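What follows is a structure written as structure tokens; I'll ask about it next.
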Amino acid sequence: MIHDKLYQSLKMESGNTSIFIEGPVSSEKLSRLTMHEALTAFRPPNEQLEALKEIADLPEGRILIATVNQQIIGYVTYLHPDPIERWSQYPKDNLLELGAIEIAPAYRGNKLGSRLIETSMQDENMENYIIISTEYYWHWDLNYSELSVWDYRKIMEKMMKAGNLYPAPTNEPEIMAHPANCLMVRIGKNVSQEDQALFKKLRFLT
């Protein structure tokens, strides 16, 4: 499969601040930017920037970013599932995982997460993929948000809905470990019935 990527962009205003959303971006583009110091959900900002560059260089990897004055204040990543995950057993290469999404706390409340996901799906090539996102409550920023698990789950569902990802049943053990966890799925309109059946089988391994 040829992983074609069509660049998309969006400019939005938040008060007196202009926020630019774009992608998929290259590692070269990322090298010219800095990371907001509060983007620490996964690793220190400089290390996370290096990780984003590595994903951008993957044939299937997609990075969309939100920037203010050449500083990354949010991002979303898409790539093939990690080999240790069940989803890597899918036999085709038309499955992508929304692996990470992070917004600097100072810029939350602007629907940036939704805008990043929505913009990423405007590339017509995304219709060739099954897109998944595994939502585990222990990854959520419950302390900062001061929300309950269930209120945070509602926010995550609303954000994913911007990209037409919806909850899908599965018997995957980690997702079943807590009722707030969920598998979010988007089936592109060009995905064959055969591939959809393969994916459904994977969701319910015995």
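List the pairs whose first member sits in region 39-50 and is open to solvent by less than 80 Å² (accessible area, probe 1.4 Å) and among the small types (Gly, Ala, Ser), whose second member is in a helix (DSSP H, G or I) and modelled with pLDDT of 95 or more, and whose Cβ atoms are under 9 Å apart, counting only residues at least 6 apart or on separate chains?
ALA41/GLN48
Against the definition (in a helix (DSSP H, G or I) and touching a residue at least 40 places away in the same chain (Cβ under 8 Å)), how does MET156 come out, yes or no?
no
Within region 163-185, restricting attention to residues that are touching a residue at least 40 places away in the same chain (Cβ under 8 Å) and under 12 Å from ILE132 (Cα atoms), which residue is surrounded by the fewest Cβ atoms within 10 Å (Cβ to Cβ)?
ASN164
Output the residues belonging to region 70-97 that are buried (at least 21 other Cβ atoms within 10 Å of the Cβ) and over 24 Å from LYS189 (Cβ atoms).
Scanning region 70-97 gives ILE72, ILE73, GLY74, TYR75.
Suppose the filter is in contact (Cβ under 8 Å) with a residue 12 or more places away in the chain and open to solvent by 40 Å² or more (accessible area, probe 1.4 Å); does GLU118 pass it?
Considered against the rule, which asks whether it is in contact (Cβ under 8 Å) with a residue 12 or more places away in the chain and open to solvent by 40 Å² or more (accessible area, probe 1.4 Å), GLU118 comes out as yes.
So is ASP151 part of a helix (DSSP H, G or I), acidic (Asp, Glu) and modelled with pLDDT under 95 or not?
Criteria met by ASP151.
Could you figure out which of (1) buried (at least 17 other Cβ atoms within 10 Å of the Cβ); (2) more than 24 Å from TYR137 (Cα to Cα) isn't true of ASP4?
Unmet for ASP4, out of (1) buried (at least 17 other Cβ atoms within 10 Å of the Cβ); (2) more than 24 Å from TYR137 (Cα to Cα): (1).
Would you call ILE132 closer than 19 Å to MET176 by Cα and open to solvent by less than 10 Å² (accessible area, probe 1.4 Å)?
yes
The values are calculated or read from the model by the stated rules, or taken from the named source; none is laboratory data. Given the structure is predicted, the values throughout are model-derived calculations rather than measurements. Counting neighbours? That spans all protein chains shown, and the Cβs are built from the backbone with ideal geometry, glycine included. When the accessible area is computed, the model is the full protein with side chains, heavy atoms only, and any ligands, DNA or RNA have been set aside. Shrake-Rupley method; radii C 1.70, N 1.55, O 1.52, S 1.80 Å.
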